[in-house]
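One structure, as structure tokens, below. Some questions next.
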Amino acid sequence: MEKKFKSLSIAHFLSKFGTENDCFEHLVQLKWGNKYACGHCGNKKYCKAVRLYDRQCSRCSYIESPTSGTIFHKIKFSLVKAFQIVYFLATNKKGISSCQLARTLQLRQKTCWLFKQKIMRAMESTNRHPLEGNVEIVEFEIGHISKKEDRELKDTTQKVLIAIEKKSLGASRIYATELQDLGVDICRKFILKKVSLDATIHAIDKSPFNNLKSEGLMVELFDSSNTKMNSSTSKRVVNCLKNWITTIHCNVKYLQQYLDEYCYRHNRHLMKEEIIDDLLGRMVRHKPAPYKTFIV
Ligand SMILES: [Zn+2]
């Protein structure tokens, strides 16, 4: 994946988004383009406001900035640095930790952590592109260390369900969800959201999966001892995901967000510059994510 992004160097990126004006102009295009509509009354006409990139509704006088109502809402640091966080998160094969971001961009680690969490919200699947063709469903466990309230460390494991769309010899697209238990209903909902009704599902012959046939899905079930079931592709995908989670994010409190981040990048590994615009566009369309929504 890394090689495919080589053409989009940080120097190239900064030549496009090196100033606050560059970033504001890009957000204006992503947010309004040629289709301005007042966020308050829906009116289509505006006039200039006092601040350069703000727009004021000609009917109700509501003033809106390019960042309001988006993930950039009330951002406390420069847009140049915010765009660079998006760049690093979208283009680094393994993502980037908030500590690395803080060192690179001279920001507080907590600031980077929060903004990264917001970006990860925008990476969440829209469920508009279900997997097609041959789709393998695999359940596995991820072990990690979590802190208890008394600050002792505790080893825990979490179950994950992953759907892998296989093309040629590789995994073209993937989706994953954390599971509290392998409940029939959770599996069913996940598969119906993420897998096309025309796909052929390959899964182990056990409770959550053998009920899928009754949903009208094409399902090929394997005995759990059948070595053909977990193909080398699926094993590779699962091992890479587990290694990424346990080495980069050893203290995983927000597993679903990390799964979303991993799947987002995997599913766009053939994109070059488009991944930046895709992610920025998602962040502009996504409603604001205040800090309190990240407290669990
Ligand atoms: Zn208005």
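Table: residues versus (1) farther than 24 Å from VAL80 by Cα; (2) free of Cβ contacts under 8 Å to residues at least 40 places away in the same chain; (3) in contact with a helix residue (DSSP H, G or I) (Cβ under 8 Å, 6 or more places away or on another chain).
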site: LYS242; (1), (2), (3): yes, no, no
site: GLN256; (1), (2), (3): yes, no, no
site: GLU261; (1), (2), (3): no, no, yes
site: LYS272; (1), (2), (3): no, no, yes
site: ILE275; (1), (2), (3): no, no, yes
site: LEU279; (1), (2), (3): no, no, yes
site: MET283; (1), (2), (3): no, no, yes
site: ALA289; (1), (2), (3): no, no, yes
site: LYS292; (1), (2), (3): yes, yes, no
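Keeping to region 169-219, report how many residues are at pLDDT below 85 and either surrounded by fewer than 16 Cβ atoms within 10 Å (Cβ to Cβ) or assigned to a loop (DSSP other than H, G, I, E, B) (or both).
Qualifying residue count, region 169-219: 17.
Scan region 255-275 residue by residue and report those that are in contact with a Lys or Arg (Cβ under 9 Å, 6 or more places away or on another chain) and among the hydrophobic types (A, V, I, L, M, F, W, C).
CYS263, LEU270, MET271, ILE275
Also, I was wondering about something else. So in region 28-52, with the set limited to residues that are more than 20 Å from LYS287 (Cβ to Cβ) and part of a loop (DSSP other than H, G, I, E, B), which one is farthest from the ligand (Cβ to nearest atom)?
Selected residue: LEU52.
Collect the residues in region 59-74 that are within 13 Å of the ligand (Cβ to nearest atom) and either in a loop (DSSP other than H, G, I, E, B) or in contact (Cβ under 8 Å) with a residue 40 or more places away in the chain (or both), keeping them in residue-number order.
ARG59, CYS60, SER61, TYR62
Looking only at region 2-20, decide whether some residue is closer than 30 Å to LYS242 by Cα, more than 16 Å from the ligand (Cβ to nearest atom) and either of a type in the set (Gly, Ala, Ser) or modelled with pLDDT of 95 or more (or both).
yes
Anything in region 253-296 that is among the basic types (Lys, Arg) and either modelled with pLDDT of 85 or more or not in a loop (DSSP other than H, G, I, E, B) (or both)? List them, or say none.
ARG265, ARG268, ARG282, ARG285, LYS287, LYS292
If a residue has to be surrounded by 15 or more Cβ atoms within 10 Å (Cβ to Cβ) and outside any helix (DSSP H, G or I) to count, how many in region 15-27 make the cut?
Looking only at that region, the number is 1.
Looking at region 105-119, is at least one residue crowded, with 16+ Cβ neighbours inside 10 Å and part of a loop (DSSP other than H, G, I, E, B)?
yes
The values are calculated or read from the model by the stated rules, or taken from the named source; none is laboratory data. All of these numbers come straight from a predicted model, not from anything done at the bench. Please note: Cβ atoms are built from the backbone with ideal geometry, for glycine as well, and neighbour counts cover all protein chains shown.
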